[in-house]
1. State the number of lysine pairs found in the chain whose Cα atoms come within less than 23 Å, restricting to pairs 8 or more positions apart or on distinct chains.
2. Hey, any idea what % of the chain's accessible area is carbon plus sulfur with a 1.4 Å probe?
3. Evaluate the charge dipole of the stretch 128-233 about its Cα centre and quote only its size in Debye, nearest 20, assuming +1 on the Cβ of each Lys and Arg and -1 on the Cβ of each Asp and Glu.
4. Using the Kirkwood radius over Cα pairs, work out the Stokes-Einstein diffusion coefficient for the stretch 66-177 at 37 °C and 0.692 mPa s, in µm²/s as a whole number.
5. Cα centroids of the stretch 38-53 and the stretch 75-112: how far apart, whole angstrom?
6. Quote the relative contact order of the chain in percent (integer), defining contacts as alpha-carbon pairs under 8 Å separated by 6+ residues.
7. Taking GluC sites (Glu not before Pro) as exposed when DSSP calls them loop (any state but H, G, I, E, B) and at most 16 other Cβ atoms lie within 10 Å, what is the longest stretch of the chain free of them, the sites themselves excluded?
8. Starting from the eigenvalues of the Cα gyration tensor, five times each then square-rooted, give me the equivalent ellipsoid semi-axes of the stretch 169-238, largest first, whole Å.
Amino acid sequence: DTRYPAWAKLKTDVHARFARFINATPEEVAFTQSTSFGFHVIAQLLKARGIEEVLTLEHEFPSTTLPLLYDGLTLRAVKARSDGTYALEDLAAAMTPRTGAIAVSAVQYASGFRIDLNAVSALCRSRGLAFIINAAQGLGHVPLDVRALQADFVAGTSHKWLMAGFGTGSLFIAKPWLDEYPLPFGGWLSVQPEEQFQPWVHAQRSDDSALAFTAKGTKFRREASALEAGAGAWVGLYALNAALALHEAVGVETTLQHNIALQLKLRARLRALGFTPNIPDDPATLSGICVVPVHGAPLDAVRALLREANIATTARGSGLRISTHVFNDEGDVERLVAAISRLGIKPG
């Protein structure tokens, strides 16, 4: 049976490739079901350290907030400023003596605001806080170096900017956490490779009768991938492997600079039509996302653009979200602007 060795090699190869992509070690990387799943794991590890309160941002995506809330943590949310941005001094001022961690998205889904992760990291280090990043809107077009950022946890997903399709979440757990705290769950693939297929490995057995025995306890690998408790879907890892190869060839910094240049052109054209993006046109904080308020229901504008112009947008942040990526160009911007004018979509 060659299936399992082939699966094991694929997992090993993709773990190594993704670890290089974010500058981690393969032992610190796990592939999970989703970003939300990763945040549940993070919540359990925070609680194991005795952390009760996490500082986050008002407009975070629910995959940051809801898992932490469900698992019993208290969240303290910093409100956005009037221009839609978040300031480091506001984060520092909003902390309480109970704050034990900061959790922020690399890119805000409802505005495209790209927070200064280096500055947040420095704040965490100065206060002795755990640093948690939701990378779902960042992986693939915002460089993420977990070692340089001294991140404790990073959770993300395979779709969106990473372009690997749905179904594979990613989770980085810094090695000190793996060394200090047991992972919250595991399964038959959570043991060492040579111990697999052994149902009672590391269990304390008591042969108390001729008919039965009693077993208690086991031991799993001190690696993030021990969370991959059973055999997963092959297709997702093949897709992720191919997507990572594409990003390696292009370069994530190249993609980011392309997106910033394209967003500046997009925003200038939209402003000329009277639209106002919900964060400033600052290259230091821009990403591949632009959100503009529109007159009427944003979803009506989304439907009209898709139906009449074959242009895919979405309704987010109380407006129309327009996302650009490495495969878009100025011609796409002009086609969108022309469609907005032709369809009579007005500023909100």
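The values are calculated or read from the model by the stated rules, or taken from the named source; none is laboratory data. Note that the structure is predicted; figures quoted are calculated from it, not measured. Reconstructed Cβ throughout: ideal geometry from the backbone, glycine too, with neighbour counts over all protein chains shown. All accessible areas refer to the heavy atoms of the entire protein, side chains included, with ligands and DNA or RNA removed. Shrake-Rupley method; radii C 1.70, N 1.55, O 1.52, S 1.80 Å.
1. Lysine pairs meeting the criterion: 9.
2. Numbers: 8880 of 16030 Å².
Summing carbon and sulfur atoms, their accessible area is 55 percent of the total for the chain.
3. Numbers: 8 positive and 10 negative charges, 38 e Å.
So the dipole magnitude of the stretch 128-233 works out to roughly 180 debye.
4. Numbers: Rh = 14.9 Å.
Using the Kirkwood radius from Cα pairs, D works out to 221 µm²/s.
5. 19
6. Numbers: 631 pairs, mean separation 61.1, N = 348.
That works out to 18 percent.
7. Details: sites that count: Glu52, Glu58.
Between the exposed loop sites, the longest stretch runs 59-348.
8. Working: eigenvalues 159, 54, 14 Å².
The three semi-axes for the stretch 169-238 are 28, 16, 8 Å.
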